[in-house]
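Colleague: Quick one: structure below, then a few questions.
The values are calculated or read from the model by the stated rules, or taken from the named source; none is laboratory data. Remember, predicted model here, so these are calculated numbers, not experimental data. Methodologically, a virtual Cβ is constructed for each residue, glycine included, from the backbone with ideal geometry; neighbour enumeration extends over all protein chains shown. Calculation scope for accessible area: heavy atoms of the full protein, side chains included, ligands and nucleic acids excluded. Shrake-Rupley method; radii C 1.70, N 1.55, O 1.52, S 1.80 Å.
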Amino acid sequence: MGAPADFHVRPATLDDAEAVTACVEAAYRHYVERNGKIPAPMQDDYSQVIAEHDVSVAVLGVEIAGVLVVRETEEGFLLDNVAVRPGCQGTGVGRRLLQLAEDKARASGHDSIYLYTQEIMVENQALYQRIGYAEYARRHEVGLDRIYMRKPLPPVR
């Protein structure tokens with residue numbers, strides 16, 4: 001585990017699209033080798049995602065170290081993507097982005113947050129279970145086997 005990083009989190013701008021794409025690709029690349037399929041976040045056009053959704057970036061120095069994409073859906077508040085550059089994993093960037101997602105869900109009036117991950121991403125599933133997410137569905141979508149997980153969000157006191 002790395003040392004705590006000195007980073008700040010801010011909303012993404014369209015100028016960040018190229019660096020966001022690079023961060024996401026670095027974070028998910030190893031899954032392509034694992035199952036031969038390109039994870040959905042690697043297929044997104046981040047200029048469009050930034051324009052249409054709530055995207056935040058964790059910035060370390062001048063580098064985008066992490067990306068968070070959240071949005072509201074018919075199913076609730078979706079943690080659509082959280083990606084951390086491999087060299088920045090274990091430094092608190094991911095933990096801070098996950099907390100921000102929960103804060104945004106609460107601020108939007110939701111009492112839970114949900115996400116989906118590929119069935120092959122077992123380390124992600126284990127992490128999400130450790131921080132309070134529980135599986136509630138399995139679906140085959142866009143050629144991928146996905147596990148849906150939800151976390152209740154108690155009110156802030």
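Colleague: If you take the beta carbon distance between ARG138 and GLU72 as r and set R0 to 22 Å, what does 1/(1 + (r/R0)^6) give as a FRET efficiency, to the nearest 0.05?
Modeller: E(calc), rounded to 0.05, equals 0.45.
Colleague: Taking every pair of alpha-carbon atoms in segment 1-81, give the share separated by more than 18 Å as a whole percent.
Modeller: 45
Colleague: Quick one, could you list the DSSP H helices from the chain stretching 15 Å or more along their long axis (Cα atoms) with average Kyte-Doolittle hydropathy of -1.0 or above?
Modeller: 17-35, 93-107
Colleague: Bin by bin, in steps of 10 Å, what percent of the Cα pairs in segment 52-128 do you find, going until the bin that has the longest distance?
Modeller: Reading the bins upward from 0: 18, 50, 29, 3.
Colleague: Additional query: Would you mind working out the magnitude of the charge dipole of the chain relative to its Cα centre, with +1 at each Lys and Arg C-beta and -1 at each Asp and Glu C-beta, to the nearest 20 Debye?
Modeller: 620
Colleague: Separate question: Taking the Cβ-Cβ separation of SER47 and VAL9 as r and a Förster radius of 22 Å, what is the calculated FRET efficiency to the nearest 0.05?
Modeller: 0.60
Colleague: If you don't mind, there's one more thing I want to ask. In whole percent, how big is the carbon plus sulfur part of the accessible area of the chain, probe 1.4 Å, protein atoms only?
Modeller: Ligands and nucleic acids excluded, carbon and sulfur give 50 percent.
Colleague: Obtain the nm distance between the two label points defined at LEU127 and SER112 by a simple spin-label model: each point lies 7 Å from its Cα along the Cα-to-C-beta direction.
Modeller: Distance between label points: 2.2 nm.
Colleague: How big is the dipole moment of segment 9-59 about its Cα centre under a simple scheme where the beta carbon of each Lys and Arg is +1, that of each Asp and Glu is -1, and everything else is neutral? Debye, nearest 20, please.
Modeller: 300
Colleague: While we're looking at this one, here's another question. Take the Cα of ASP145, step 7 Å along the line toward its Cβ, and report every residue of segment 97-127 whose backbone nitrogen sits under 18 Å from that point.
Modeller: 116-126
Colleague: Additional query: For segment 136-157 and segment 1-67, what is the separation of their C-alpha centers, rounded to whole Å?
Modeller: Rounded to whole Å, the Cα centres lie 20 Å apart.
Colleague: In the P(r) worked out for the chain, what percent of Cα pairs fall beyond 27 Å?
Modeller: 18
Colleague: How far apart, in nanometres, would the label points at VAL62 and GLU33 be if each is projected 7 angstrom from Cα along the Cα-to-Cβ direction?
Modeller: 2.9
Colleague: Under the definition of Cα pairs under 8 Å and six or more residues apart, what whole-number percent is the relative contact order of the chain?
Modeller: The value is 20 percent.
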